1. Treating segment 698-745 as a set of equal point scatterers at the Cα positions, no solvent, please give the Debye-formula log₁₀ I(q)/I(0) at q = 0.17, 0.30 Å⁻¹.
2. Ratio of Rg to Rh for segment 618-734, alpha carbon only, Kirkwood?
3. In segment 311-411, carbon and sulfur make up what percent of the accessible area (probe 1.4 Å)?
4. Quick one: which residues, 5+ away or cross-chain, put their amide H under 5 Å from the amide H of ILE216? H built at 1.01 Å from N.
5. Using alpha carbon centroids, what distance separates segment 169-203 and segment 527-581, in Å?
6. Go from 0 up to the bin containing the longest alpha carbon distance in segment 132-203, width 5 Å each, and give me the % of pairs per bin.
7. So how tilted is helix 133-142 from the main axis of the chain? Cα-based, degrees 0 to 90, rounded to 10.
8. Using θ = phi - 60° and the Karplus form 6.51 cos²θ - 1.76 cosθ + 1.60, what ³J(HN,Hα) does each residue of segment 815-823 get, whole Hz, x for Gly and Pro?
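The values are calculated or read from the model by the stated rules, or taken from the named source; none is laboratory data. Note that this is a predicted model, so its numbers are computed, not measured. All Cβ positions, even for glycine, are placed from backbone atoms using ideal geometry, and neighbour counts span all protein chains on display. Accessible surface areas use protein heavy atoms only, side chains included; no ligands, DNA or RNA. Shrake-Rupley method; radii C 1.70, N 1.55, O 1.52, S 1.80 Å.
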Amino acid sequence: MACLCIWPKLCFTLIHSHLRQKLVSKQKMVIRRKAALSLLWMLTALTLHLVIVAGEYFKPFNVTYDHRALLIAGKRRILISAGIHYPRATPEMWPQLISRSKEGGADVIETYTFWNGHEPMSGQYNFEGRYDIVKFAKLVGSHGLYLFLRIGPYACAEWNFGGFPVWLRDIPGIEFRTDNAPFKEEMERFVKKIVDLMMAESLFSWQGGPIILLQIENEYGNIESSFGPNGKKYMTWAAEMAVGLGAGVPWVMCKQADAPEYIIDTCNAYYCDGFRPNSEKKPKIWTENWDGWFANWGERLPRRPTEDIAFAIARFFQRGGSLQNYYMYFGGTNFGRTAGGPTQITSYDYDAPLDEYGLLRQPKWGHLKDLHAAIKLCEPALVAADSPQYIKLGPKQEAHVYHGTPHNNGQYLSLNESLCSAFIANIDEHESATVKFYGQEYTLPPWSVSILPDCRNTAFNTAKVGAQTSIKTVGLDSVSVGNNSLFPQLRIKSKLRSISQSWMTLKEPLGVWGDKNFTSKGILEHLNVTKDESDYLWYLTRIYISDDDVSFWEENDVSPTIDIDSMRDFVRIFVNGQLAGSMKGKWIKVVQPVKLVQGYNDILLLSETVGLQNYGAFLEKDGAGFKGQLKLTGCRNGDINLTTSLWTYQVGLKGEFLKVYDVNSTESAGWTELPNDAIPSVFSWYRTKFDAPGGTDPVALDFSSMGKGQAWVNGNHIGRYWTLVAPKNGCGRTCDYRGAYNSDKCRTNCGELTQAWYHIPRSWLKTYNNVLVIFEETDKTPFEISIATRSTETICAQVSEKHYPPLRMWSHSEFDGKLSLMDKTPEMHLQCDEGHMISSIEFASYGNPKGSCQKFSQGKCHAANSLSIVSQACKGRNSCTIGISNAVFGDPCRHVVKNLAVQAKCSPPPDLSTSASV
């Protein structure tokens, strides 16, 4: 107890943790429990003021739950959570991402932890830079937001090896995610490491920190049956282990229908309104609302319509949901070799409300912001009611009504006597519907939900989008390219100048290059050799070909082939130093014709990983490289089995070993000038210097002229690149938001590169003399690589005078909590990126304008003063708001419902408006 006078906060944390562990144990002695509780509250009272003085983000509070919701400091809360993975951005980006999430209506930030990032080698921890989880958690708290920490430690997350460190698979006797002692020992050690770290930094809610919720395991219910009875044992052990750590906040397990009674089971899906937890004592939580999907090299890009995701969220809260988390709210970038897969792209944009660069994706961000505000207006009624009143309004129409206080006989009070909020849904996928609710008529578009915070006035409808559309640009002289008809939200500027015409080059040797190579009989498994220290593993063997074999092939006009039973993710086959062919795929058969000569021939195979498997059972057994037999077929005397031959192995590239991507790499590494007319060759390193684009807008590199490789800027690994083209079909001209969504429904980018632009965080750049290093595997030269900033250039919106009023016009009475609506006039809100201004109004019409963004035209009804009024309100400003009414514009045509359509141009300050390319 003496330590309280010296280190009160630390002592409080340790004793608090100790007592909580005692309280969750199986001790039933009443005296001990009362004494422990008495001491706990005494210490809390004694140190509360010390904790606050120490700079905590909240007054310490407990988090519990009942069947309806999480209880924050004893009060039910309806919560919106924004998924942000801290390593997929830089620490310099974190504050703005968190701030924009809060501005968008989030109460909570959610993230996984990433075991392989935090413990790259057993017992050697990394909590710095992009892996500074403590800094990230403290930033969340400093913004007044809560943190939902999904420790797992299995993450999936389309992250390399699902977040497991590859060294884990080398532990003798280990089997992942089952009742296996070696695995459980390592898993518990890491989970405890994270919990203890958070506790030592006073980051749990009861310490005044932001953490309100933790997760153990991840979607284990999907694979539990694969392990038989040991799966159930492991799941139970994981739950008991987690709770036994004394974190003092609730734990969840997502997609775990058999979770124990003291763990909240939760939902991951596109829709979770029909989900029910496995106990009536648990709240309904949606841990992953997939607002997009990931993409693989050579695939179309998935997009989820704004109206559909809003519909899914409204239905979730309509039917009793309490916490919804966006997966993702910001997806970010798979820097380095963190992308999972196999073959998942470097961008993890995920069609999220904040795009890969942290810019607002409009209209998704704005529409969802309004949705969140409408839900928050309903929160007093939602948390006051234990369950909603259900009203059938039609064959596919229904209402759920939340009243503040029921009568004893089960009947609800009148609208004038209690809090009342309602959700009215039309789940018809095709037709609008007009329904009568509490004596009033409401017309609902198909597949939509209207939210009535006061059970009378509509504050929001999921299918009526009033938020602006933003068209982002990169480069000079904007022109639309690619298949942007579904989501015209990106324009690529033409005439981009190359980043540099002065390049150095360095030839990467093929095959064995270092003294750490070794020879072994047989084909070794890729990861057992590389330990994932590199994507690349060379296999070299030598075979003898007789004159008879050569004559046999010539006489029969046939070629021998190298056959590999099964391979992943990419293989290149060289014969006598010449590339014979390559193949990509996931555990596919390879049959490659080769040209051999009489005498000794060198067979060189390069096995390449492009992200390790991140999902499924038995990850430790999946491996990489080759499986089965490897043969030379078509020989005169039969096949030659190369599987049992002597092979020499070389891990990685010489350039990787020498770290030629380091900014301090000099001519001593062997760099030479690359002539403009150089003959392209495979496996080359390229190096140049460039100045950073002006301003503060995000920066990207265009690698569309390259083939396959990796890139570094100032020694920072920006990721893999691969210029594979998506199939030409499967996109369609339009995307109908109505009806259940799946990841194939609204694909875009047909016939285009899956990814052409690669993010360089601003914090990685200097003003001048930045070093770009590229390793290119194909015969491409770097002279056409360009650099540009990314920003919003065109903004559009169209709002009807019958649109719902702005959410800020609603207010709760301080006296009784009831809602009032001050003004029903709809508004249009326009906003440029931070630091940019509305430089011109390119179109404005109040009346019945036609078309859509970038294709607006005047209708027969048009207020002649539209352009001048909008220009006066908006030009020269970062954002503006315009009322949609005859009082503002006059009435250009009586008895016609008017709309205001506006298209505006955003520009940076004059000194930054020129090209950012160099």
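1. Those come out to -0.75, -1.20, one per q.
2. Ratio of gyration radius to Kirkwood radius: 1.08.
3. On the way: 1200 of 2460 Å².
Roughly 49 percent, rounded to a whole number.
4. Correct list: GLY152, VAL252.
5. Between the Cα centre of segment 169-203 and that of segment 527-581, the gap is 41 Å.
6. All Cα pairs considered, the percentages come to 3, 14, 21, 21, 17, 12, 8, 4, 1, 0.
7. Roughly 20 degrees between the two axes.
8. 7, 10, x, 6, 8, 9, 10, 7, 8
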